[in-house]
Amino acid sequence: MLKIIFNSPCNFTTSSELLTIPIGLAYIKSYCEANFPCEIKIVPIVNQRVLEREKPDIVGISCYAATYDRAAGLAGLCKRNGVHVVVGGEQITTLPHLITDDMAIGVRGEGEHAFLGLLKRFDKGWNPEQLGDLQGLVFRDEQGELKIMEPTPPLVSLDELPIPDLLLGNNNDLLCLMTSRGCPYNCVFCATGWHKSVHWMSPEKVVETIEFHVKKYPGLRAVKFWDDLFTVKYNRVERIVELLEQKGLSRRLRFSICTRADHITEELLTLLKRMNCNHVSMGLESGCDKTLRYIKKNCTVEINRRAVELLSSNGFDSESSFIVGFPRETNEDIEETFNFIKSVPIKKIQVFLPIPYPGTKLWEDALRQEMVSEDMEWEKLDLIATMANPRFVLTDFVVISETLSREQLYEWLKKLRLLRKWKSFRFAMSLLVRSPSIIFQRLKREVLFGIRRMRFS
Ligand code: B12
Ligand code: SF4
């Protein structure tokens, strides 16, 4: 039986990967194991010891822009150990020619069908002659020339995928789900655009997935829908809520979702309350109309304000991310965002710098202006590292502002970080009074994260 290990290399000192598992890899695992005799393990780290212990035939590596250098390093280690490497994810989908000599094959787009196809051909040694009829691959032909196929077409239905165990044996209190892929909008900074269409899991399958985990993990208390835009189809949300109610799951679990400000209506909030969802995340991005127009968010400051106020007056906890430092943003524009955040009842905020991810308009513009290049140090795009240590912006982090210096951006990050801490503190205090159990669960999660981080850093 073929033995495979999957890994999504990451920076353990700054990221929260250790609390979740890469959902995409979990679906490839469940799909391939159901359709081919193989054993796939998803592991948080791959090093010499792990390779010697597991003796895999193949290592599958997930690769984002910020993790490309790590993925390339890991591919080298695997190849030196005689293990075949298959790499997939957004970086290889958008910039397939960046596949390194240590990576035997790249998979572009959704990986389930393509990886299964590769497993079926593995005994033939992945002879390039026999790969031509598969879809979405990148590989070198017999002449050493790079063959780049179009990304795999989107899966016809996410329902065809067997339910994966997304907690991998850990009796966690939180389950993170992606019940759709893609987003119909096209914001200039967002890397979700490589999904050429939006496709969904049926409400029945969503609820079946939750039920599966509830039965297996008695400690489960909360479900987070990580979908880019959970509310994109109102009828679908309505049906999910009905099914959760019928099965008593909306009483047993707390839910949180991600959406956009212009989707927030009284009607939607009534539905979310029935689901037992009182936490809503939105990418508001800016408190400045000029910036919102530039990023093509299709929202205005007024829409953003109305959404936050509606959530607050209906008793919801709202969390939102903001981005400052777009190419032509001035100090005055960022001041508007700062004042907006101060003036509205958002409970928690995240503030990021704009990152030119491959495949986005920001990337094309930054490439044209030579602010980025394909042979750059990709870790310079690690937004989490910058949020953890804003000083990174003074030296390494890719900055695409044409109007503000690194020092000015650093000053803004410090100011906004203080505001973030103040909002988080007040939110934690209010939770302590309202629902101390949630604070306890979060603390438990933080401790668990700390322990796992120490183990893997
Ligand atoms: C949940 C999430 C997280 C979670 C969990 C990450 C995880 N590994 O699953 C957390 C919070 C930990 C996280 C961290 C990071 N994330 Co994140 N995350 C997401 C989010 C919201 C959903 C990811 C997901 O599950 N998608 C659904 C699955 C089905 O799709 P998928 O992951 O792309 O996988 C499919 C294909 O890509 C392919 N595939 C992927 N890997 C492989 C490997 C092989 C071998 C094969 C064959 C195929 C294959 O097949 C999969 C199944 O079809 C996305 C946004 C989005 N909508 O995708 C951002 C997103 C992927 N994250 C992003 C980033 C930048 C990061 C970080 C690098 C942040 C940072 N430090 O700077 C880290 C990297 C973490 C890591 N090494 O995994 C960016 C990536 C942009 C880019 N082009 O690089 C995204 C697109 C968000 C954005 N800003 O636009 N993230
Ligand atoms: S930022 Fe949000 S709304 Fe815009 S394209 Fe990305 S997921 Fe969609």
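Values in this text are rule-based calculations from the coordinates and carry no lab data. The structure displayed is predicted, hence computed values, not measured ones. Positions of Cβ are backbone-derived with ideal geometry, glycine not excepted, and every protein chain shown enters the neighbour counts.
Summary table below
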| read-out | value |
| --- | --- |
| The chain, helix-only ellipticity at 222 nm - DSSP H runs n ≥ 4, -39,500 (n - 2.57), divided by all residues, nearest 500 | -12500 deg cm²/dmol |
| Cα-Cα separations in region 2-148 greater than 18 Å, expressed as whole percent | 53 percent |
| Net charge dipole size for the chain [Lys, Arg +1 and Asp, Glu -1 on Cβ; Debye, nearest 20] | 2040 debye |
| Whole-number D in µm²/s for region 336-449 (Stokes-Einstein; Kirkwood sum over Cα pairs; 4 °C, 1.567 mPa s) | 79 µm²/s |
| Protection proxy ranking of 106-117, 251-262 - average other beta-carbon atoms within 10 Å, highest first | 106-117, 251-262 |
| Quotient of C-alpha Rg and 2.2 N^0.38 Å, computed over region 130-200 | 1.54 |
| Net length gained if the chain between residue 306 and residue 211 were fully extended (0.36 nm per residue, minus Cα distance) | 30.7 nm |
| Distance between modelled label sites at residue 239 and residue 80, nm, 7 Å Cα→Cβ extension | 5.2 nm |
| Cα-based Kirkwood hydrodynamic radius, the chain, one decimal, Å | 23.4 Å |
| Hz values of 3J(HN,Hα) by residue in region 111-117 - Karplus curve (6.51, -1.76, 1.60), Gly and Pro given as x | x, 4, 5, 5, 5, 4, x |
| Table column - 3J(HN,Hα) (Hz), region 210-217, Karplus curve with 6.51, -1.76, 1.60, x for Gly and Pro | 5, 4, 4, 6, 4, 5, 7, 10 |
| Linear extension gain, residue 52 paired with residue 185, 0.36 nm per residue minus alpha-carbon span | 43.3 nm |
| Convex hull of region 255-374 built on C-alpha atoms - directionally averaged projected area, nm² | 7.9 nm² |
| Ranked list, fewest to most other Cβ atoms within 10 Å of each Cβ, for 102, 173 | 102, 173 |
| Ranking of 264, 400 by count of other Cβ atoms within 10 Å, fewest first | 400, 264 |
| Calculated diffusion of region 136-276, Stokes-Einstein form, Kirkwood radius summed over Cα pairs, 25 °C and 0.890 mPa s, µm²/s | 145 µm²/s |
| Integer Hz, Karplus 6.51/-1.76/1.60 couplings in order for region 430-440, x for Gly and Pro | 5, 5, 4, 6, 6, 9, x, 5, 5, 4, 4 |
| P(r) weight above 17 Å for region 388-430, C-alpha pairs, percent | 40 percent |
| Cross-link pairs 290/348; 224/273; 290/347 - those with Cα-Cα distance over 18 Å | 290/348; 290/347 |
| For region 297-373 versus region 393-431, the gap between their alpha-carbon centres in whole angstrom | 12 Å |
| Rounded to 10°, Cα long-axis angle of helix 331-343 versus longest principal axis of the chain | 70 degrees |
| Degrees, to the nearest 10: 23-35 long Cα axis against longest axis of the chain | 40 degrees |
| Cβ-Cβ FRET estimate between residue 405 and residue 444, R0 fixed at 56 Å, reported to 0.05 | 0.85 |
| Most positive-pole-ward Cα, 312, 410, 358, against dipole of region 298-457 from beta carbon charges | 312 |
| Bins of 5 Å from zero: percent of alpha-carbon pairs in region 83-131 | 5, 21, 31, 26, 15, 2 |
| Partner lysines for residue 147 [C-alpha distance under 22 Å; skip if fewer than 8 residues away on the same chain] | 79, 120, 124, 196 |
| Angle in degrees between helix 68-80 and the longest Cα principal axis of the chain, rounded to the nearest 10 | 20 degrees |
| Extension reserve of the residue 157-residue 289 stretch, reckoned as 0.36 nm per residue once the Cα distance is removed | 43.8 nm |
| Fewest-first ranking of 145, 245, using other Cβ atoms within 10 Å as the exposure measure | 145, 245 |
| Under 5 Å, built H, 5+ apart or other chain: amide partners of residue 108 | 137, 138, 152 |
| Amide proton proximity set for residue 60, modelled H, under 5 Å, gap of 5+ | 5, 6, 7, 86 |
| Computed label-point distance, nm, for sites residue 140 and residue 122 using a 7 Å Cα→Cβ extension | 2.2 nm |
